[in-house]
Amino acid sequence: MQLYQHILLAADFSEHGKTVSAKAKQLAEQNQARLSLIHVVDYLPITDVTYGPIIPFDVDLTEELVAIAEQRLADLGQELDVDKERQWLEVGSPKLEIVRMAEENDVDLIVLGSHGRGGLAVLLGSTADGVLHHAKCDVLAVRLKDD
Ligand code: AMP
């Protein structure tokens, strides 16, 4: 039985991301579903309350970060056999962009990790929590407990 038709893997390229991507790939195969990938570059200049922006606002690193992310996404796409048009790179708030792209592209399952690069400081990371609360489709938060 085909439970899902379009699965979206939210990738942050962290160490334990491999566990998450392996599950997304397996679910896509079992459901004969399309698999898409998303990574969101959430760059914001670092600001100190007293001294203002530590990285001046006229130094925009977005382009550099996007170029690096593009390459990583392409590598992941190759590893998981996902075509270029289903490798989505966005700039902004990860939770908002993941939810928006899922809605706009008729995704019926979002797969992400229970926490990301920030570690296990809280039970659910802020991206996982935000997506769980706002997505209109099913969300699978793969439990990561390696750290
Ligand atoms: P977090 O809630 O930030 O600890 O991350 C939880 C999960 O959300 C990660 O394991 C990833 O699957 C996903 N995620 C986090 N940040 C991003 C990002 N910038 N782009 C895409 N997915 C992300």
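The values are calculated or read from the model by the stated rules, or taken from the named source; none is laboratory data. This one's a predicted model, so the numbers in the text were calculated from it and none came from an experiment. Using ideal geometry, Cβ is built from the backbone for each residue, glycine included, and neighbour counts are taken over all protein chains shown. Accessible surface areas use protein heavy atoms only, side chains included; no ligands, DNA or RNA. Shrake-Rupley method; radii C 1.70, N 1.55, O 1.52, S 1.80 Å.
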Query - Selection within the stretch 11-30 - open to solvent by 20 Å² or more (accessible area, probe 1.4 Å) and touching a helix residue (DSSP H, G or I) at 6+ places or on another chain (Cβ under 8 Å) - result: Asp12, Phe13, Lys25
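Per-residue answers, yes or no, for (1) at pLDDT 95 or above; (2) more than 12 Å from the ligand (Cβ to nearest atom); (3) out of contact with any Asp or Glu (no Cβ under 8 Å at 6 or more places or on another chain):
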position	(1), (2), (3)
Ile54	no, yes, no
Gln78	yes, yes, yes
Ser93	no, no, no
Ala128	no, no, yes
Val131	yes, no, yes
Leu140	yes, no, yes
Query raised in the report: Out of (1) open to solvent by less than 70 Å² (accessible area, probe 1.4 Å); (2) within 15 Å of the ligand (Cβ to nearest atom), the odd one out for Asp108 is which?
Result: (2)
Query raised in the report: When both residues are 6+ apart or on different chains and their Cβ atoms are under 9 Å apart, which pairs have a first residue that lies in the stretch 84-97 and is touching a residue at least 40 places away in the same chain (Cβ under 8 Å), and a second that is assigned to a loop (DSSP other than H, G, I, E, B) and buried (at least 16 other Cβ atoms within 10 Å of the Cβ)?
Result: Val91/Asp42; Val91/Tyr43; Gly92/Asp42; Ser93/Asp42; Pro94/Asp12; Pro94/Asp42; Pro94/Gly116; Glu97/Asp42
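Yes/no per residue for (1) among the aromatic types (Phe, Trp, Tyr); (2) in contact with a strand residue (DSSP E or B) (Cβ under 9 Å, 6 or more places away or on another chain); (3) at pLDDT below 95; (4) within 7 Å of the ligand (Cβ to nearest atom):
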position: Met1; (1), (2), (3), (4): no, no, yes, no
position: Gln5; (1), (2), (3), (4): no, yes, no, no
position: Ala11; (1), (2), (3), (4): no, yes, no, yes
position: Gly17; (1), (2), (3), (4): no, yes, yes, yes
position: Lys25; (1), (2), (3), (4): no, yes, no, no
position: Asn31; (1), (2), (3), (4): no, yes, no, no
position: Leu35; (1), (2), (3), (4): no, yes, no, no
position: Ile38; (1), (2), (3), (4): no, yes, no, yes
Query raised in the report: Being within 23 Å of Gly125 (Cβ to Cβ) and modelled with pLDDT of 85 or more, is that true of even one residue in the stretch 59-67?
Result: yes
